[in-house]
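Working notes for the structure below.
The values are calculated or read from the model by the stated rules, or taken from the named source; none is laboratory data. Computed from a predicted structure; not experimentally measured. Quick reminder, even Gly has a Cβ in these numbers, built from the backbone with ideal geometry, and neighbours come from all protein chains shown.
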Amino acid sequence: MSDETNPAALVEHQAEWAQRASRLLSGVRDAVGGLDGAEAATLDHIGSTSVPGLAAKPFVDLQLRISPLPAEHELVARLAPLGYVRARGSRPDSPGVDRDLPRGSIKVDPLVWEKLLFWHEDNQAILHVRRADSPWGLYTIWFRDWLRANADARQRYETAKRALSVQQIGKADYDDYTLAKTEFFDQVQTEFESWAARNHEAADDDPASRSSPE
């Protein structure tokens, strides 16, 4: 899952990422059909690969928002035929594997941060499975759409990512890179939440925005 010398190495944006995400999301939707909550589930292309013009690690981030959160064995059985394996993280405290780091000012049930993470080696894709009411599930959409709509924000984020990426040279994984990005999120949380309060409903209602950056 990583470059031999820099696990957080960035590459220039590739239009193919959107096509790959759309294809993979279609497969996931078919695979989870019939699960409790599947009919109302939402599938999204998230992360830096979903933002045109933004450099990224060449792993496509996908998201399934579904309630209730399926049992792990149910998802493993349905996703394994597609090539997904349960991601465990390279360290005991690897971030975002079994639960998201709580953030935001709203008080919520601690269970909403629980998640399941899957990895697809052949397609270089990461699938985040979150509850439909997960704040992180919304943050990923709001942050993505804010970056798409704001060239200055994209540039600030890419600058921060490039600086952090250089610091990961020679490391065994990109956990430190993931954790270090938290500082940037802390700085812009209020900014992208304010933007989302004005714009996110239109973006969330557009099915195309869930599977491609167009």
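Let's see how each residue does on (1) of a type outside the set (Val, Ile, Thr); (2) on the phi < 0 side of the Ramachandran plot; (3) in a helix (DSSP H, G or I):
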position: 36; (1), (2), (3): yes, yes, no
position: 49; (1), (2), (3): no, yes, yes
position: 53; (1), (2), (3): yes, no, no
position: 69; (1), (2), (3): yes, yes, no
position: 75; (1), (2), (3): yes, yes, yes
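What residue, of 53, 47, is surrounded by fewer than 16 Cβ atoms within 10 Å (Cβ to Cβ), touching a residue at least 60 places away in the same chain (Cβ under 8 Å) and closer than 19 Å to residue 153 by Cβ?
Exactly one residue qualifies, and that residue is 53.
Which number in (1) at pLDDT 95 or above; (2) surrounded by 13 or more Cβ atoms within 10 Å (Cβ to Cβ); (3) among the aliphatic types (A, V, I, L, M) marks the one condition that residue 40 misses?
All conditions are met except number (2).
Looking at this structure, is residue 206 modelled with pLDDT of 55 or more and not hydroxyl-bearing (Ser, Thr, Tyr)?
no
Of everything in the range 118-141, what is among the hydrophobic types (A, V, I, L, M, F, W, C), crowded, with 20+ Cβ neighbours inside 10 Å and within 18 Å of residue 21 (Cα to Cα)? Give them in sequence order.
The answer is 118, 125, 126, 127, 129, 141.
Quick check on my filter: what residues within the range 59-88 are loosely packed, with under 15 Cβ neighbours inside 10 Å and either under 24 Å from residue 146 (Cβ atoms) or modelled with pLDDT under 95 (or both)?
Once the filter is applied, which keeps residues that are loosely packed, with under 15 Cβ neighbours inside 10 Å and either under 24 Å from residue 146 (Cβ atoms) or modelled with pLDDT under 95 (or both), the range 59-88 yields only 88.
Residues of the range 95-143 being touching a Ser or Thr at 6+ places or on another chain (Cβ under 9 Å) and at positive phi, which ones?
Result: 96, single match.
Please work out if residue 21 is crowded, with 20+ Cβ neighbours inside 10 Å and farther than 24 Å from residue 131 by Cβ.
no
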